[in-house]
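Chemist: Let me give you the structure first, and then I'll get to my questions.
The values are calculated or read from the model by the stated rules, or taken from the named source; none is laboratory data. As the structure is a computational prediction, the values presented were derived from the model and not from experiment. In this analysis, Cβ positions are derived from the backbone assuming ideal geometry, glycine residues included, and neighbour counts consider all displayed protein chains.
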Amino acid sequence: MADERKRGQELEVAILEAADEIIKNLGYEQLTFQNVAKQAETSRSVIYRRYETPIDLLRALVRYKLERALGGNMIDLFEENGSLRADLLAAIRLYHKFSEAVGPEVLSAMLFELSQKNQGSQRWVKQAREGNIELMKKIQEFASQRGEINHEFSTLQMTLPFDLLRLEYIINSGNVTDEYMTQLVDEVLLPIYLGKK
């Protein structure tokens, strides 16, 4: 009996899983369409029809891993938690779950691409920041409705939790503790958000 070729969703998953394995085991620099095709047991032309560049493949891999781990976008998953502190902790933990799902190797590859300052990576940075800000605006709105704050957060204040968490994730090779997240909220973020502008 002849081997059946993978198609549709099965092929997409095989390509993404192959890309993930290559990044984890060989490093991002080895993420070539030739290597992915070999690992996924398909042809390079199949991969070229789906992705223009390895960066596009990396973006698809991140979306795939997030969907598998979280079941949706952070903004769609986030719900009001009763206080600014609880909302911040929930957001930080959700973002941490995102970082864990992506993994340190893929996150490092993402950061490398973001540092290249090409048009595609800049669009990716912009989308990520907009998503972070959208989540923080939701938290700000909840806090305002509860009467905890009477001012708006600045853009810097809205991106700060995610920037600090990314930094901690990189410095500690993905080992971000719940203690760190709680201290981040209690000792850094709450004083900033509850303070006067």
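Chemist: Please give the number of the condition S108 fails out of (1) under 19 Å from D163 (Cβ atoms); (2) assigned to a loop (DSSP other than H, G, I, E, B).
Modeler: (2) is the only condition that S108 fails.
Chemist: Across region 30-78, which residue is surrounded by the fewest Cβ atoms within 10 Å (Cβ to Cβ) among those that are acidic (D, E) and within 30 Å of R93 (Cα to Cα)?
Modeler: D76
Chemist: Do the conditions hold for L189, that is, is it at pLDDT 85 or above, among the aliphatic types (A, V, I, L, M) and surrounded by 19 or more Cβ atoms within 10 Å (Cβ to Cβ)?
Modeler: yes
Chemist: Report, by residue number, each residue of region 172-197 that is over 16 Å from V102 (Cα atoms) and of a type in the set (A, V, I, L, M, F, W, C).
Modeler: M181, L184, V185, V188, L189, L190, I192, L194
Chemist: Among the helices (runs of 4 or more DSSP H) lying completely within region 118-197, list those that include at least 3 residues that are within 23 Å of V106 (Cβ to Cβ).
Modeler: Qualifying helices (runs of 4 or more DSSP H): 119-145, 155-171, 178-183.
Chemist: I need the full set of residues from region 91-112 which are without any contact (Cβ under 8 Å) to a residue 60 or more places away in the chain and surrounded by 19 or more Cβ atoms within 10 Å (Cβ to Cβ), in order please.
Modeler: Selection gives F98, V102, M110.
Chemist: Starting from region 167-195, take each residue that is in contact (Cβ under 8 Å) with a residue 24 or more places away in the chain and list its partners that are among the hydroxyl-bearing types (S, T, Y), counting only C-beta distances under 8 angstrom and pairs at least six apart or across chains.
Modeler: Y169/S99; I170/S108; G174/S99; V176/S99; V176/Y169
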